[in-house]
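The values are calculated or read from the model by the stated rules, or taken from the named source; none is laboratory data. If you're wondering where the values come from, they're calculated on a predicted model, not measured in any experiment. Cβ: placed from backbone, ideal geometry, glycine included. Neighbour counts: every protein chain shown. Side chains included, ligands, DNA and RNA excluded: accessible areas come from the protein's heavy atoms. Shrake-Rupley method; radii C 1.70, N 1.55, O 1.52, S 1.80 Å.
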Amino acid sequence: MGIVPNLNSDQLQFFHSHGYLVIESFATPDEVHAMRNRMELLLHGFDCSTSSVFSTVNQQLSTDDYFLQSAENISFFFEEKAFGENGNLKQGKELSINKVGHALHELDPVFKSFSDSEKFSGLLLSLGYKRPIAIQSMYIFKQPGIGGEVVPHQDNSFLYTEPTTCTGLWLALEDANTTNGCLWAIPGSHKNGLVRRFLRGDKGVYFDQPSPTYDKKDFVPIEVKAGSLVVIHGDVIHQSFENQSPKSRHAYSLHVVDTEGCVWAQDNCVDATRVEEDDACNESWYI
């Protein structure tokens with residue numbers, strides 16, 4: 001039996017109208033447990049000397065060679081506020097990491113098994129994908145007290161194809177709410193198109209336009225239970241605030257693009273050879 005679409009007409013209508021969609025209980029409790037346990041093991045074996053800092057507020061911290069090479073690796077990124085004035089971690093590494101990425105879906109057996117599942121294939125078929133690939137994946141911790149802000153952005157800015165095809169797949173591994181840093185989005189903002197791009201050139205990486213100013217009143221919170229999937233249109237404006245609560249907000253995120261009927265931009269932060277390699281090994285998603 002072939003892959004079949006798994007979104008109904010009401011879900012598709014909501015997604016096309018709002019630019020995002022929540023699918024409750026997308027992952028089973030066992031799948032959530034397996035991914036959280038696996039990440040705990042990865043963190044235990046992680047050498048703190050091979051890492052970087054991730055911040056969307058201070059972009060220069062997030063564009064070093066370690067970050068740029070992470071598309072092909074399982075790389076570890078600290079929170080900007082994890083370090084004291086002496087340069088040492090203020091608490092254990094397990095409570096200091098911002099995220100782990102960006103090839104979990106390829107290199108780790110637990111995350112690969114979940115990412116290659118037929119329920120993702122059916123979802124992407126429903127959205128009109130022909131030959132989708134996961135271009136990156138990450139485990140996001142949103143640590144208690146120091147979980148960094150993610151500023152308003154569009155995923156197509158970073159993973160651009162012509163025409164645009166990026167979709168974000170954001171899975172809550174813990175309950176996410178306004179207290180611990182859930183996603184926020186501007187409903188319908190995807191209809192206004194792409195605002196700016198994040199480019200790679202001879203002098204490094206940069207945005208081709210300054211960030212617009214957004215009205216906070218336009219954003220709505222996307223509060224979800226663990227196991228819920230948030231499907232995010234590549235042009236919808238979304239963000240999350242700093243987690244100042246005592247509770248973490250773990251999530252697993254994939255970003256998908258199509259490889260049929262579109263062209264990967266040569267000046268993306270992720271280079272074209274990477275996409276071609278992914279295209280050759282993600283046959284489980286071909287629909």
### Message
Within segment 106-120, does at least one residue satisfy the condition of being among the aromatic types (Phe, Trp, Tyr), in contact with a His (Cβ under 7 Å, 6 or more places away or on another chain) and either assigned to a strand (DSSP E or B) or modelled with pLDDT of 90 or more (or both)?
### Response
yes
### Task
Taking the options Leu61, Leu95, Leu68, name whichever one is at pLDDT 80 or above and either closer than 19 Å to Ala251 by Cβ or not basic (Lys, Arg) (or both).
Leu95
#### Entry: Of residues in segment 162-173 being part of a loop (DSSP other than H, G, I, E, B) and open to solvent by 20 Å² or more (accessible area, probe 1.4 Å), the one farthest from Phe120 (Cα to Cα)
Pro163
### Task
Working only within segment 1-35, note down all residues that are open to solvent by less than 90 Å² (accessible area, probe 1.4 Å), under 17 Å from His250 (Cβ atoms) and either of a type outside the set (A, V, I, L, M) or out of contact with any Leu (no Cβ under 8 Å at 6 or more places or on another chain) (or both).
Phe26, Thr28, Glu31, Ala34
### Message
Within segment 142-161, take every residue that is charged (D, E, K, R) and part of a loop (DSSP other than H, G, I, E, B) and give me the one that is surrounded by the most Cβ atoms within 10 Å (Cβ to Cβ).
### Response
Lys142
### Query
Restricting the search to segment 82-94, which residues are in a helix (DSSP H, G or I) and either more than 17 Å from Leu43 (Cβ to Cβ) or open to solvent by less than 80 Å² (accessible area, probe 1.4 Å) (or both)?
Ala82, Lys93
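Look at segment 12-40 and say how many of its residues are over 18 Å from Gly122 (Cβ atoms) and either among the basic types (Lys, Arg) or not in a loop (DSSP other than H, G, I, E, B) (or both).
Residues in segment 12-40 being over 18 Å from Gly122 (Cβ atoms) and either among the basic types (Lys, Arg) or not in a loop (DSSP other than H, G, I, E, B) (or both): 14 in total.
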